[in-house]
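A quick write-up on the structure given underneath.
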Amino acid sequence: MKKTLITLTALAATAAFAQSSVTMYGVADAYVGTQKARGGVNQTVVNDGGLSQSRLGVSVKEDLGNGLSAFAVIEGAVALDAGVGGLGANRKSVVGLSGGMGTFSLGAQQTPLQDVIEGVIDAQGNSAFSAVGAAMQNDATRASNQIIYTDSARYDTPNFNGFSASGQATNSRYSLNAKYENGPLGAALAYESDKGLNTTTPGMTAHMKTTALGGYYDFGVAKLHLGYGRVSTTTTPATPIASNRELSVGVAVPVGAFTFVGQFAQAKASNAPGTSRSFGLEGRYALSKRTTAYAGYNNTRSTVNNPAANLRNSNRFGVGMRHIF
């Protein structure tokens, strides 16, 4: 990602100096297309975030010496279709320290579980046409998990020849992962525990536990992604109310400037009838290193009784462009 850098250098009285950098960056992504949502209503839409959610961010880093750096990131979601959003709007906002012992950060930030889903398991990343994302959203259990933890503390280890791990906690929630990514091979395991979730029954709370396991291998001519997840939810007192399993397989095939992505995902309840199945297909064309034109399609079918899931029994098609700066 090419970024605009404004570097400020201050000389100390001792003739030593500390260097600070301020980086402004962002993503602008929108598409035009059609969608048939629950209830069979067809719509022509202009939506934000086909391949990636649009965003605007500022990153600040200061060299403290001896390999230690202080940093801060303030990032906000931008809805290009509605013309709203900006810095600090429902995305990453942290301050922290980074050095040879790893990275420690405080604030609102993405969970280690979501890092594994987007970076290892999901061949489509966080695309609006993602089969993994659609199947999970239709899954009444998984849909309650949070992508961003506010008021959180997070630690990321250094990379040890491809091995790394992350841990994050806030209030009654925590999330962990362990990853190996080296050359063409990647594999990861993540666990997340969310206690104190609200239910529809007054005075009752729920405890959701999510485990995700997946990996990828880049054969050169194609990159294969596989994923498995299990989600269980109990109420207080401990009564199981849902237990779901999720499977996904995806492949990305580069052909010159084109990349074709296909993916299938399924979320199935083990203790009650109900299955969500989703298929996603994308064609991406790199106009440059920063600009990508794309077309995407998603078809999702669900028997899960979850009226709040807006992708349930839906079709979505779009053509758009993403620019990274």
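The values are calculated or read from the model by the stated rules, or taken from the named source; none is laboratory data. Because the structure is a prediction, the values reported are computed rather than measured. Here Cβ is always computed from backbone atoms with ideal geometry, including for glycine, and neighbour counts include all displayed protein chains. The area values use the complete protein model at the heavy-atom level, side chains included, leaving out ligands, DNA and RNA. Shrake-Rupley method; radii C 1.70, N 1.55, O 1.52, S 1.80 Å.
How high is the FRET efficiency between residue 303 and residue 97 when r is their beta carbon distance and R₀ equals 56 Å, given to the nearest 0.05? FRET efficiency, residue 303 to residue 97: 0.70. Taking all protein chains together, 23, 150, 211 sort by accessible area into 150, 211, 23, largest first [probe 1.4 Å]. Computed extension length for residue 81-residue 163: 25.6 nm, one decimal, from 0.36 nm per residue of separation with the Cα-Cα distance subtracted. Note on residue 61 and residue 275: the extension gain reaches 72.4 nm, defined as 0.36 nm multiplied by sequence separation minus the Cα-Cα distance.
Of all aspartates and glutamates in the structure, those lying under 16 Å Cα to Cα from residue 195, and not within fewer than 8 positions of it along the same chain, are 151. Taking 7 Å steps out from each Cα toward its Cβ at residue 289 and residue 34 produces label points 3.9 nm apart. Comparing Cα centroids, the range 61-78 and the range 82-126 end up 14 angstrom apart.
Normalising by the residue count of the range 55-194, find the relative contact order in percent from Cα pairs under 8 Å and 6+ residues apart. That works out to 17 percent. The label-point distance for residue 155 and residue 72, in a model that sets each label 7 Å from Cα toward Cβ, rounds to 2.5 nm. With the simple model of a label 7 Å out from the Cα in the direction of the Cβ, residue 260 to residue 22 spans 4.7 nm.
Compared with the alpha-carbon gap, the fully stretched path from residue 209 to residue 106 is longer by 34.8 nm at 0.36 nm per residue. Distances between placed amide hydrogens fall under 5 Å for residue 205 paired with 236, all partners being 5 or more residues away or on another chain. Amide H contacts of residue 78 (H built 1.01 Å from N, in plane; Pro and chain starts excluded): 54, 55, 56 sit under 5 Å, all sequence-distant by 5 or more or on other chains.
Karplus-derived 3J(HN,Hα) values for the range 244-258, using 6.51 cos²θ - 1.76 cosθ + 1.60 with θ = phi - 60°, are 10, 10, 10, 10, 8, 9, x, 9, 10, 10, x, 9, x, 7, 8 Hz; glycine and proline are entered as x.
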